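Inspection log for the structure reproduced underneath, given as structure tokens.
The values are calculated or read from the model by the stated rules, or taken from the named source; none is laboratory data. Everything numeric here is computed off the predicted structure, so don't read it as measured data. Every residue, glycine among them, receives a Cβ derived from its backbone with ideal geometry; neighbour counts consider all protein chains shown. Accessible surface areas use protein heavy atoms only, side chains included; no ligands, DNA or RNA. Shrake-Rupley method; radii C 1.70, N 1.55, O 1.52, S 1.80 Å.
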Amino acid sequence: MASNCLFCRIAAGDIPSTTVYGDDDVYAFRDTNPAAPQHILIIPRKHIQSLADVEVEDAAMLGRLLLSARRIAEQEGFAQTGFRSVFNTGVDGGQTVGHMHLHLLAGRALHWPPG
Ligand code: AMP
Ligand code: ZN
């Protein structure tokens, strides 16, 4: 855990969040500034800056992160209607929090391409 990292502190329970799902590897919570009726962030409990920083040894965690997206989509009832899954990475990717996170957006028709 990086003690100066917002999402590490959220995963540790030091900063409150609305839990959607959690296990040994990943934690999911509601985005406080939702861009869709359902906006959930899924993070690895391990501190990794971004998708640009993952290593081969992170492969199992990455698989679990994606599997948790499917599980959450079913749990929250949008697996059938559809959803958007996004990793913003780095400055041009629009990443504002330096702990890798997968956005799950659902509950309305989403536009493509994004801005
Ligand atoms: P990104 O811009 O891809 O780095 O996404 C960061 C996301 O984190 C944004 O959608 C923010 O609304 C969200 N966010 C920031 N602080 C919090 C927080 N304390 N709890 C929940 N979501 C947050
Ligand atoms: Zn972190």
TODO: Report, in degrees rounded to the nearest 10, the 0 to 90 angle that the Cα long axis of helix 59-76 makes with the longest principal axis of the chain.
DONE: 40 degrees
Open item on the list: What translational diffusion coefficient, to the nearest whole µm²/s, does the chain have by Stokes-Einstein, given a Kirkwood radius computed over alpha-carbon pairs, a temperature of 10 °C and 1.306 mPa s viscosity?
Closed with: 110 µm²/s
Open item on the list: With a 1.4 Å probe and all protein chains left in place, how much of the accessible area of the stretch 6-106 comes from carbon and sulfur atoms, in whole percent?
Closed with: 50 percent
Task: Efficiency of FRET from Cβ geometry, Arg45 and Arg84, R₀ 22 Å, rounded to 0.05 - done: 0.40
- [ ] Just subtract the alpha-carbon distance of His111 and Arg70 from 0.36 nm times their residue separation and send over the number in nm, one decimal.
- [x] 12.7 nm
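Assuming R0 = 22 Å, can you tell me the calculated FRET efficiency for the pair Asp92 and Met1, based on Cβ-Cβ distance, to the nearest 0.05?
Details: r = 28 Å, r/R0 = 1.26.
Efficiency, from the Cβ-Cβ distance: 0.20.
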Task: Under Karplus coefficients 6.51, -1.76 and 1.60, residue-wise ³J(HN,Hα) of the stretch 86-99 in Hz, glycine/proline x - done: 9, 9, 7, 10, x, 4, 5, x, x, 6, 10, 10, x, 9
